[in-house]
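The values are calculated or read from the model by the stated rules, or taken from the named source; none is laboratory data. The structure displayed is predicted, hence computed values, not measured ones. Glycine also receives a Cβ, built like all others from the backbone with ideal geometry; neighbour counts cover every protein chain displayed.
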Amino acid sequence: MLRSTFTPIFSTFPTRPRIQNSLSRPLACTFTDVSPDVRRNAALTLPPTIQAVLEPPKSAYIHLPFCRKRCHYCDFPIVALGSLNRDEDDPRMVNYIQLLSREIEATRAGFKTNPPLETVFFGGGTPSLVPPRFVSSILELLRVKFGLAAVAEISMEMDPGTFDAKKMNDLMELGINRVSLGVQAFQEELLKACGRAHGVEEVHEAIHIVKSCGVENWSMDLISSLPHQTHEMWKESLHLTIEASPAHVSVYDLQVEQGTKFGKLYSPGEFPLPSDAQSADFYRTASRMLSDANYNHYEISSYGRDGFECKHNLTYWKNLPFYGFGLGSASYVKGLRFSRPRRMNEYVDYVKNLEEGLKDWREGDHVEAHDLAMDVVMLSLRTARGLDLRTFREAFGDSILLSLCKVYEPYLDSGHLIFMDANGKVMSARELNTLLMDEGEITRRLAYMRLSDPDGFLLSNELISLAFGVIAP
Ligand SMILES: C[S@@+](CC[C@H](N)C(=O)[O-])C[C@H]1O[C@@H](n2cnc3c(N)ncnc32)[C@H](O)[C@@H]1O
């Protein structure tokens, strides 16, 4: 049931093939493992809110894959550097930054105009390992190529133990104005078990640096359901997080990925991993403690203080287009999702082919309505705002909307789903039932449908799969 909270949008977009993970990975970054190509239907007419899918992206994800070592749960495309000689630039980084720059330069998205980027997200890997002058050159390239809005949100994933106050200040001067700190846990034994390259002391140091440098917009990543993690440990991590008072918290339920060390050692639901019921309890506890501490649970795995929702990640939830650049990263442009290779040698060839025009920057040019409809449902239902039923109906028609309402009706009774009218008034099961008998009324009266927090969010994989069954049987 759970398996829900984390989907690193870093490189992995929670698309249909990975639906079982949709709750569970941090949609924090970009996306790899992209959905199959979508097809464009020339006759597809979209209402303005959905039309935005076809407009030039205002967001870019940049993948910086370097880490000191690979964490035991991690299956992202990364390069483990081992110990670093701090006095010299690592040639692997130098080469990669050149390659990434060539990729950005060679990208021809074919839009008549490019609006300036409003969000940029440096994800990884551990982007804070990269010397600031490389970050500067990438930002400059983006500025020249697309433009950067004066108020752009520019986020960077940073790991404890990989930066000091000078580096933080240098990055802020370059325009980094949002920090996402990969803390994961506050217990030495759990950090060790995860193969993290830092301990608890570095976590506290990193928090101190971020705060004392005056970064207002910062976030913390935590992982629940780790091996041997007890409820007390989880509550302690949440408590210390609240005490540190970040503007934003991301809570991810551990995904045991094939091919990782955890994948070899553990099976989900079996000791020393928690049972599904225990994982669900971790999720409920996070939701309660963070909500009580004035964090808005605005997305399945994201909590933010008022005004501190991650704008970059909202691009993903709103199904808006974005560029992705770098190893394994994925883009969503003109209604198509596509990803770069995850292996470095293949990525090198990809960039060469792109420069020589041997590879179309995006493959395929068809978007099919049902693919778009599924993306809209899946992404909207991850958010507290939910699915805007009127826009959905305008884009995809009455009959899909009615079928969705019918298939979801039992979940209104069970408290997993909430239907609202245009004034935000929650409908009772009886009201919905009456509406379902009058198709004209239902399409006029219903405005939003959302999952309840926490029980609906916990059931999101099942509920989203039901929607897929209706949209693309
Ligand atoms: C791209 S990773 C960030 C990389 C960053 N260097 C780090 O590990 O702190 C984004 C976040 O995804 C989460 N994450 C990565 N792999 C995960 C997994 N298998 N299960 C649950 N969460 C995971 C972690 O919380 C991590 O901070």
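Observations on the model:
- Tabulated pairs, segment 179-196, first free of Cβ contacts under 8 Å to residues at least 12 places away in the same chain and among the basic types (Lys, Arg), second more than 9 Å from the ligand (Cβ to nearest atom) and in a loop (DSSP other than H, G, I, E, B), C-beta under 9 angstrom, 6+ apart or interchain: Lys192/Gly199
- Screening Phe262, Phe282 for residues that are closer than 18 Å to Leu190 by Cβ and in contact with a helix residue (DSSP H, G or I) (Cβ under 8 Å, 6 or more places away or on another chain) leaves exactly one candidate, Phe282.
- Hey, Arg444 basic (Lys, Arg) and under 27 Å from Leu314 (Cβ atoms) or not: no
- Cβ separations smaller than 6 Å between residues 6+ apart or across chains give the following pairs from segment 378-391 residues that are under 18 Å from Thr443 (Cα atoms) to residues that are among the basic types (Lys, Arg): Gly386/Arg450.
- Take the conditions (1) surrounded by 15 or more Cβ atoms within 10 Å (Cβ to Cβ); (2) under 22 Å from the mean Cα position of the chain (by Cα); Tyr350 misses just one of them, which is (2).
- Residues that are over 30 Å from the mean Cα position of the chain (by Cα) and over 23 Å from Ser291 (Cβ atoms) do occur in segment 444-452, at least one of them.
- Summed over segment 389-442, residues that are of a type in the set (S, T, N, Q) and within 30 Å of the chain's Cα centre (by Cα) total 4.
- Listed by position, the strands (runs of 3 or more DSSP E) enclosed by segment 303-369 that each have at least 3 residues that are over 23 Å from Phe468 (Cβ atoms) are 323-325.
- Helices (runs of 4 or more DSSP H) wholly inside segment 68-180 containing at least 2 residues that are under 29 Å from Asn345 (Cα atoms), away from the ligand (no atom under 16 Å from the Cβ) and of a type in the set (S, T, N, Q): 91-106, 132-145
- Residue that is closer than 24 Å to Ser302 by Cα and at pLDDT 90 or above, where the choices are Gly424, Gly386: Gly386
- Residues of segment 249-287 that are closer than 25 Å to Arg382 by Cα, exposed (fewer than 15 other Cβ atoms within 10 Å of the Cβ) and without any contact (Cβ under 8 Å) to a residue 60 or more places away in the chain: Ser275, Ala277.
- Residue count for segment 175-210, restricted to those that are over 15 Å from Cys74 (Cα atoms) and touching a Phe, Trp or Tyr at 6+ places or on another chain (Cβ under 8 Å): 10
- Residue-level check: of (1) crowded, with 20+ Cβ neighbours inside 10 Å; (2) within 14 Å of the ligand (Cβ to nearest atom); (3) of a type outside the set (Val, Ile, Thr); (4) in the same structural domain as Phe121 (by TED's automatic domain parsing), Leu327 misses just (4).
- Matching residues in segment 291-302 - criterion: being out of contact with any helix residue (DSSP H, G or I) (no Cβ under 6 Å at 6 or more places or on another chain), surrounded by fewer than 20 Cβ atoms within 10 Å (Cβ to Cβ) and within 22 Å of Glu236 (Cβ to Cβ): Ser291, Asp292, Asn294
- In segment 53-70, the residue that is surrounded by the most Cβ atoms within 10 Å (Cβ to Cβ) out of those that are farther than 14 Å from Gly328 by Cβ and either within 19 Å of the chain's Cα centre (by Cα) or of a type in the set (Phe, Trp, Tyr) (or both) is Ala60.
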